[in-house]
Each structure stands twice: as C-alpha cells, then as structure tokens.
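Values in this text are rule-based calculations from the coordinates and carry no lab data. All figures in this text were calculated on a predicted structure; none of them were measured in a lab. We place every Cβ from the backbone using ideal geometry, glycine too, and count neighbours over all the protein chains shown.
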Amino acid sequence: MLTPEQIEQHLHRILLKVQKPGRYVGGELNQTLKDWQSVSTHIALIFPDIYDLGLPNLGLAILYDQINQRPDALAERAYAPWTDMEAEMRKAGLPIYSLESKHPLSAFDILGFSLPYESLYTNVLTILDLAGIPLLANERDESSPLIIAGGHAAFNPEPMSRFIDAFVIGEGEEVIHEIINVHQAWKESGTSRNDLFVRLSAIPGVYIPALYTVDYHPDGTVQAIRPLIETAPIPIVKRIVPTLPPPLTRFLVPSIDIVHNRIAIEIMRGCTRGCRFCQAGMITRPVRERSVDEIIQAIEEALDLTGYEEVGLLSLSSSDYTHIRELVDRVSQRFGDRKLTVTLPSLRIESFSVQLMDQLHDLRPGGGFTLAPEAATERMRQIINKGISSHQFLETIRAVFDRGWNTVKLYFMIGHPEETLEDVQAIVDLCHTVLAEGHKRVGGRARVHVGVSTFIPKAHTPFQWVAVDSIEQIRLKQDILRRGLRAQGFKLTWVEPEVTLLEAWLSRGDRRLGEVILRAWQLGAKFDAWQDHFNIQLWLQAFNDCGLDPTFYSHRQRSLDEILPWSHISTAVRAQYLKQDFLWSKEGRLRNDCRDHCYACGILPEFSDLRLKTPPEAWKCPPVKVKKPLQREATL
C-alpha cells in the first residue's frame with residue numbers, strides 16, 4: 001500500500017498531463033484535515049462522478065460535517081477521476097486516494113458511496129477497482145473496508161447488492177453515527193466480518209444484502225425475499241430524522257469552477273403534493289420545516305465562512321414552505337445590499353410564485369422563471385396528480401411576462417402509458433401559446449426553453465407497476481416535439497431513448513442485474529450519465545452475455561399482487577395506499593395536497609387512533625411536529 005507521501009510524489013508527475021488538475025489536489029477553503037493517528041475510525045465519502053458534480057452534493061457535505069464533529073472519527077472525500085486521470089493512475093500504479101490526506105481508499109475503515117441516480121453504478125466499480133478492493137462483497141475479508149451506500153437510488157438496492165456490504169435506507173444524519181459506533185465495537189471485539197453484518201442489521205434503516213436471499217418463479221418474477229437469519233428485519237423501514245438538524249454553513253469552496261458555486265440551504269424536507277410519478281415526493285415524506293430564524297442565521301454564517309455570492313433555498317416545493325412570505329421578506333431585507341443571487345426553485349404554478357420572486361427584486365434571481373406543468377392537457381395532469389388547470393397555468397405565465405421576465409423554462413414529461421400522440425402535440429401547442437403571451441408582453445425578447453424528460457416508473461411510487469414506453473414510441477413523440485418547436489424563440493432539450501432504457505433497467509431491476517452491471521463494466525461501460533461516454537450496445541451485450549432479457553425489466557406491466565424486487569424495503573408509505581393511488585390514476589381522480597386532507601398513507605402512524613375516531617374530512621397531518629414512524633411488519 002502506497003503511503004500518502006508516495007502518492008503525493010506520483011501526483012507531481014502526472015497532474016500536468018490531465019484536464020483540470022484542481023479536481024485531484026484538495027486543499028479547499030473549509031476542508032477538514034485531522035491527524036490520522038488521533039482517531040479510531042476513518043471514513044471516505046465518495047461521489048462516483050467527477051469532482052465538478054460531486055463537491056456541491058448537499059447530502060455528502062452534511063455527512064462530512066457530521067462525522068468530522070466527532071473527536072473519534074474523520075471523514076475525507078474522493079470522486080471518480082475523469083478518463084484521462086484514470087489512465088494516468090493505472091499507468092503509474094497510483095491507487096485512488098482521499099483529497100484531504102492522500103491516503104489510499106483501501107486504508108479507510110468505511111467507504112460511503114452516494115447513489116443519487118442509477119447511471120453512476122459502473123463508476124462505483126471503477127473506484128473500487130482503482131482502490132484495489134474486491135468488487136464483489138462476498139470476496140472481501142476482515143481487512144477490507146466496509147462498503148456502504150445511500151441515496152435515492154438505494155431505495156431499490158438489489159441491482160448493486162453484489163457490490164455493497166450495507167445500504168442506508170433513508171436519511172443519514174443519525175444513522176451514520178450508529179454505524180460508526182457499531183463498527184468501532186466490532187473492531188475492538190475482533191470477531192468475523194459476518195458478525196459485523198449481523199450487528200449492523202440491528203440498526204433501523206440498514207439493509208445487509210448478504211443476510212437475505214431471493215427466490216424466483218420460473219417466469220423470472222420474484223417468488224420470495226427471505227432473511228437468512230432470524231434477527232434480520234423484514235421489511236427494512238427507512239430512517240427518518242424527526243427534526244432537521246441545524247443547516248450546514250461551513251461549505252467547501254473549490255479552487256476550480258463547478259456546477260453549483262453556492263450556499264445551499266434546505267428550508268424544508270418532504271413534499272405534500274403527491275405527484276404520482278415523483279419518487280422523491282414519496283420517499284422523503286413526511287414534511288419537516290426549518291424556522292425562518294434558523295434559515296436566516298444559516299445564510300449569514302455561510303456567507304461569512306465562504307464568500308459565496310449565490311444562495312439556493314432548496315426543497316421539493318419551496319412555495320409550500322409554511323412561512324415562505326416571511327422568509328422571502330427577511331432574506332430581501334437582510335441581504336438586499338449584499339449583491340447576492342438568490343434562487344427559489346420548485347415553485348408552484350400560480351401567481352403566488354411570481355409574487356414571491358417579486359419580493360426578491362433587490363436580489364438577483366438566477367436564470368429564467370422555471371415552471372413544471374409536466375403535461376399539457378388537463379386529462380394527463382389528472383392522471384399524474386398534477387392538479388393545475390390550463391387557465392391557472394396561463395394566468396401564471398402572463399404574470400411572469402408582465403413582471404419583466406424574458407425567459408420561461410418549462411418542464412414536461414412524455415411516455416406515460418395513458419398518453420396519446422394528441423397529448424404530445426398539446427405540449428407543442430401550449431408552448432406556442434406561452435411564446436405568444438411573451439411576445440404580447442415583452443416583444444421579441446421572449447424565449448421559451450422546453451425540457452422534456454421521459455417517464456420512468458420508479459420504485460415506491462403509484463406507477464411502479466406500469467411498463468416503460470417503447471423506444472419506437474418515444475422517438476415518435478420526440479420527433480413531434482422537434483418538428484413543432486423549431487421556430488425562433490424556442491430551445492428544446494430531451495433525453496435520448498436509450499438513456500431512459502438504461503435508467504429503467506437499473507432502477508427496476510432485481511439482484512440478477514448485478515451480473516449485468518459487472519459485465520457491462522468489464523466491457524468498458526463508465527460515466528453512463530455522460531452522453532459522450534454512454535454506449536447502449538455495451539449494455540445490450542452484457543444482458544445477452546448474462547442470459548437476461550432487458551425488456552423483462554423495462555417493458556413489462558406488473559400485476560398489483562407481484563412481489564417486486566424492492567418489496568422488502570419500506571418507505572413507511574403503505575403498499576395499499578400506492579395501489580389505491582394507481583387505481584385512482586386510471587380514473588383520472590386527483591388527491592388534494594396532504595396539508596389539506598390526510599389520506600392515511602402510513603407515514604405518520606401516530607395519527608392512526610385519530611383516523612379511527614374521526615371522519616376522513618377531519619384528518620390533518622401537521623407539517624412540522626413529526627415522530628419517527630413505527631417499525632412494522634409487512635407481508636411480502
């Protein structure tokens with residue numbers, strides 16, 4: 001194993017040969033560098049994509065801060081090297097290392113991977129390989145680091161279960177400390193690695209794939225998911241932080257340009273809108289909010305510690321924050337003379353959102369005004385539970401242009417099974433109507449940027465049972481959009497159909513997908529999220545080599561009683577609620593905002609007695625006072 005000094009010597013020789021050497025040196029303002037010998041537990045937090053994308057990741061930044069507050073542990077960082085750096089590292093025999101102390105990753109006790117999206121999976125294998133760590137979990141021994149992973153993609157952990165020792169299901173601020181404590185006790189005990197797994201499995205929200213087995217029917221569907229030991233829980237219920245901890249203020253300040261040079265303050269976690277396609281809205285329930293005073297203080301501290309000039313007030317639905325008017329007023333008053341750019345993303349489609357941006361007039365809002373109608377017809381919006389009328393949408397558009405905005409960004413989704421070609425043409429027609437409204441109000445300066453994603457039925461959503469649209473239909477629909485939005489004033493972006501297929505395979509796959517991921521990586525797959533590196537043929541060959549049919553995972557309708565690959569993972573939202581919501585979608589039936597009416601989804605079980613004693617119209621779930629959900633048994 002190379003020492004940090006030897007790694008430094010290698011870096012001096014190779015950094016001038018690669019793009020952006022600043023990605024690989026560390027030393028940023030506000031980094032934490034502890035004495036390696038002074039702590040008992042060493043953790044490397046890893047974002048399996050390039051530094052430019054990984055450094056601003058808020059989840060890893062929070063864990064970095066949390067761990068480094070402990071006197072007995074340290075957290076350092078690593079990111080996937082770009083292809084030029086990987087080639088130089090392999091040529092020089094240089095292992096992947098942490099940016100802070102330059103220790104090789106194999107020297108750490110725990111490696112924690114963030115998995116926000118599935119196209120990072122092959123990069124995880126590249127990093128493990130560069131670290132000299134066995135790719136397969138069952139080939140590691142007591143000398144290997146513990147490999148853990150979390151993030152939104154971990155809510156279906158099965159495709160990566162061959163490579164990851166332990167998954168954190170849910171929120172990590174509390175559970176990371178419990179994992180460290182268990183690891184320290186295990187290390188002192190000197191027992192086997194399997195004993196570590198048994199100890200970790202007792203932590204709520206931690207899933208150990210090695211302690212479970214999966215049986216399959218002859219047709220390839222899951223027959224059963226069974227614990228191999230009596231103490232392994234079923235289901236594994238996600239961790240929920242009842243009260244959000246104080247927001248991060250000591251942000252790392254990079255020495256090179258990255259995608260988001262800003263302070264990111266999470267003002268609220270969770271969402272009550274219930275969009276049926278939105279996995280984040282389902283898996284981050286319930287809503288928890290920070291106080292206005294806490295947010296203002298955090299901005300103040302972060303500005304002093306970083307010198308950043310942009311602040312993002314983040315949540316899944318910022319205008320649903322209970323005290324949003326007061327917050328925007330306070331931000332404008334306190335920081336109006338600081339020449340800040342303040343962004344307030346994820347706004348509802350209503351004039352109220354425009355008024356909020358007006359309140360920030362002394363600050364510089366970034367970019368255009370962004371709205372996400374998702375569908376252009378009221379029929380489709382009812383199916384996906386996006387309860388917005390066309391009249392309401394156009395009223396908001398008029399208000400945006402009337403207040404001097406020149407650019408409107410609109411996000412739509414195509415590919416839902418209930419969608420027709422007329423629904424797709426309606427997107428074109430609606431965008432032309434929006435541009436015409438802009439021309440009336442701001443003249444030729446009006447611009448409409450249209451982003452179109454393709455629907456993928458994600459795990460733990462009401463649409464998890466439906467099939468992905470065929471690649472031929474996706475191309476046909478995208479052609480309608482391209483032809484219809486060629487006129488001046490429009491900018492159209494879309495997702496290639498092959499990229500949609502990969503995400504569908506990986507997000508809906510079972511344990512057998514691990515063999516496909518490994519084979520694709522062996523064939524050269526990496527940086528699959530990057531258009532210039534993604535190669536669908538490698539994945540199709542991998543499926544063929546492994547004897548699996550990719551259409552089984554993407555283009556197959558599931559029955560409502562099928563055991564899904566993620567059925568042993570619980571978001572604390574009841575399966576029966578998801579089934580009912582799916583059936584309501586078939587009727588075009590809307591659910592109101594959960595703040596107005598509680599539908600007993602299961603996320604707040606402490607209200608179950610209230611629901612039994614009162615009529616449904618009296619159910620109310622408060623947005624802030626939240627207890628942890630009860631651990632409950634589930635039938636697979």
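For the chain, the spherically averaged projection of the C-alpha convex hull amounts to 28.3 nm². Remark on residue 370: its backbone amide H falls under 5 Å from those of 409, a criterion applied only to residues 5 or more positions apart or on other chains, H modelled at 1.01 Å from N.
As a calculated quantity, the FRET efficiency between residue 402 and residue 191 at R0 = 51 Å, using C-beta atoms, amounts to about 0.15. Full extension of the chain between residue 84 and residue 530 gives 159.1 nm of extra length, using 0.36 nm per residue less the Cα-Cα distance. Once C-alpha pairs closer than 8 Å and six or more residues apart are averaged by separation and normalised to the residue number of segment 452-576, the relative contact order reads 32 percent. Neighbour counts of C-beta atoms inside 10 Å place 187, 458 in the sequence 187, 458, starting with the fewest. Each label was represented as a point 7 Å from its Cα along the Cα-to-Cβ direction; for residue 217 and residue 546 these points are 2.2 nm apart. Classify segment 471-577 as rounded, prolate or oblate from the Cα gyration tensor: take a ≥ b ≥ c as the square roots of its eigenvalues, call it rounded if a/c is under 1.5, otherwise prolate when a/b beats b/c and oblate if not. Oblate. Working note: Cα gyration tensor of segment 367-495, eigenvalues times five, square-rooted, sorted largest first, giving semi-axes of 26, 16, 12 Å.
Only the Cβ atoms of Lys and Arg (+1) and of Asp and Glu (-1) were treated as charged; on that basis the dipole of the chain about its Cα centre amounts to roughly 1260 debye. Averaging Cα coordinates gives a centre for segment 181-198 and one for segment 54-71; these two points are 24 Å apart. Taking 18 Å as the cut-off for C-alpha to C-alpha distance, list the pairs among 477/579; 238/526; 20/491; 386/586 that go past it. Long pairs (Cα-Cα over 18 Å): 477/579; 238/526; 20/491. For segment 327-415, taking the reciprocal of the average inverse distance between every pair of different Cα atoms yields a Kirkwood hydrodynamic radius of 14.1 Å. As an equivalent ellipsoid, segment 160-280 spans semi-axes of 32, 23, 15 angstrom, where each value is the square root of five times an eigenvalue of the C-alpha gyration tensor, largest first. For the chain, the 222 nm mean residue ellipticity estimated from helices alone, with every DSSP H stretch of n ≥ 4 adding -39500 (n - 2.57) and the total spread over all residues, rounds to -10500 deg cm²/dmol. Between residue 16 and residue 138, the contour length at 0.36 nm per residue exceeds the Cα-Cα span by 40.1 nm. Taking a ≥ b ≥ c as the square roots of the eigenvalues of the alpha-carbon gyration tensor, segment 139-215 is classed oblate because a/c is 1.5 or more while a/b is no larger than b/c.
Within segment 388-410, name every residue whose backbone N is under 12 Å away from a label modeled 7 Å from Cα of residue 596 along the Cβ vector. Only 388-389 pass the distance filter. Counting only DSSP beta bridges with both residues in the chain, the antiparallel share comes to about 20 percent. Note on residue 337 and residue 304: their simple-model spin labels are 1.8 nm apart, each label 7 Å out from Cα toward Cβ. Legend: helices of the chain (whole DSSP H runs) are marked when their alpha-carbon atoms reach 24 angstrom or more along the helix axis and their mean Kyte-Doolittle hydropathy is at least -0.5; marked are 421-442. As a proxy for reagent exposure, 1, 268 were ordered by neighbouring Cβ count within 10 angstrom, fewest first; the result is 1, 268. Charging the Cβ of each Asp and Glu at -1 and of each Lys and Arg at +1, and nothing else, the dipole of segment 367-495 about its Cα centre rounds to 620 debye. Above 18 Å, the calculated P(r) of segment 7-53 contains 48 percent of its Cα-Cα pairs.
Placing one equal scatterer on every Cα of segment 273-317 and applying the Debye formula, the log10 ratio I(q)/I(0) at q = 0.20, 0.21 Å⁻¹ is -0.76, -0.79.
Ordering 70, 285 from the fewest to the most neighbouring beta carbons within 10 Å gives 70, 285.
Each principal axis of the Cα cloud of segment 4-236 was evaluated for its coordinate range; sorted largest first, these ranges are 54, 43, 30 Å. Computed from label points 7 Å out along Cα-Cβ, the spacing between residue 91 and residue 350 is 6.0 nm.
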